[in-house]
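Trainee: What follows is a structure written as structure tokens; I'll ask about it next.
Computed from the coordinates by the stated procedures, all read-outs in this text should not be read as laboratory data. Everything numeric here is computed off the predicted structure, so don't read it as measured data. Methodologically, a virtual Cβ is constructed for each residue, glycine included, from the backbone with ideal geometry; neighbour enumeration extends over all protein chains shown.
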């Protein structure tokens with residue numbers, strides 16, 4: 001589901017204009033990014049927790065030359081842990097093996113959002 005699809009659905013269900021909905025959604029994303037950039041944790045009950053994690057430096061392998069070790073530097077990454085309600089709903093809605101085949105490529109046609 002794309003941001004545009006969110007905007008259209010919320011707009012139709014609430015009666016708010018698509019422009020207003022888009023602004024609220026974008027501000028929400030901006031504030032989440034801003035908080036993560038400061039190292040804060042964002043907890044949205046039943047939805048999940050966004051947090052910053054540090055990955056240690058490690059040695060990797062060049063897939064073209066497996067005998068060659070490549071140092072991978074330490075880095076900071078954004079992490080998401082789904083909440084209890086999300087986990088339960090996803091487990092209930094998705095049948096076992098739902099992701100056994102490759103998913104269809106994402107449609108990036110929401111460039112105006």
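Trainee: At 1.002 mPa s and 20 °C, plugging the Kirkwood radius over alpha-carbon pairs of the stretch 1-40 into Stokes-Einstein gives what diffusion coefficient in µm²/s?
Mentor: Estimated diffusion coefficient is 199 µm²/s.
Trainee: To make sure I understand, if each residue's beta carbon is the centre and we count other beta carbons within 10 Å, what order do 86, 1 fall in, fewest to most?
Mentor: So the residues, fewest neighbours to most, are 1, 86.
Trainee: Sticking with this one: Relative to the longest principal Cα axis of the chain, at what angle does helix 84-93 sit, 0 to 90 degrees, rounded to 10?
Mentor: Tilt of helix 84-93: around 90 degrees.
Trainee: Have a look at 82, 73, 63 and tell me which one the Gaussian network model of the chain (Cα, springs below 10 Å) gives the largest fluctuation.
Mentor: 63
Trainee: As I understand it, the value is the acute angle between the Cα axis of helix 3-14 and the longest principal axis of the Cα atoms of the chain; what does it come to in degrees, rounded to 10?
Mentor: 30 degrees
Trainee: Another question, if that's okay. Specify the residue with the greatest mean-square fluctuation among 75, 84, 65, computed from a Gaussian network of the chain linking alpha-carbon atoms under 10 Å apart.
Mentor: With Cα springs under 10 Å in the chain, the top fluctuation among 75, 84, 65 is at 65.
Trainee: Still on this structure, please answer the following. For Rg and Dmax of the Cα atoms in Å, pick the label among (1) 19.0, 60; (2) 20.1, 73; (3) 16.2, 52 that corresponds to the value derived from the coordinates.
Mentor: This structure yields the entry labelled (1).
Trainee: Under a GNM of the chain (C-alpha, springs under 10 Å), which listed residue has the highest mean-square fluctuation: 14, 41, 28?
Mentor: 14
Trainee: Can you tell me, using C-alpha contacts under 8 Å and at least 6 residues apart, the relative contact order of the chain as a whole percent? All intermediate terms of the calculation are to be shown ahead of the outcome.
Mentor: Values: 111 pairs, mean separation 25.8, N = 113.
Relative CO of the chain lands at 23 percent.
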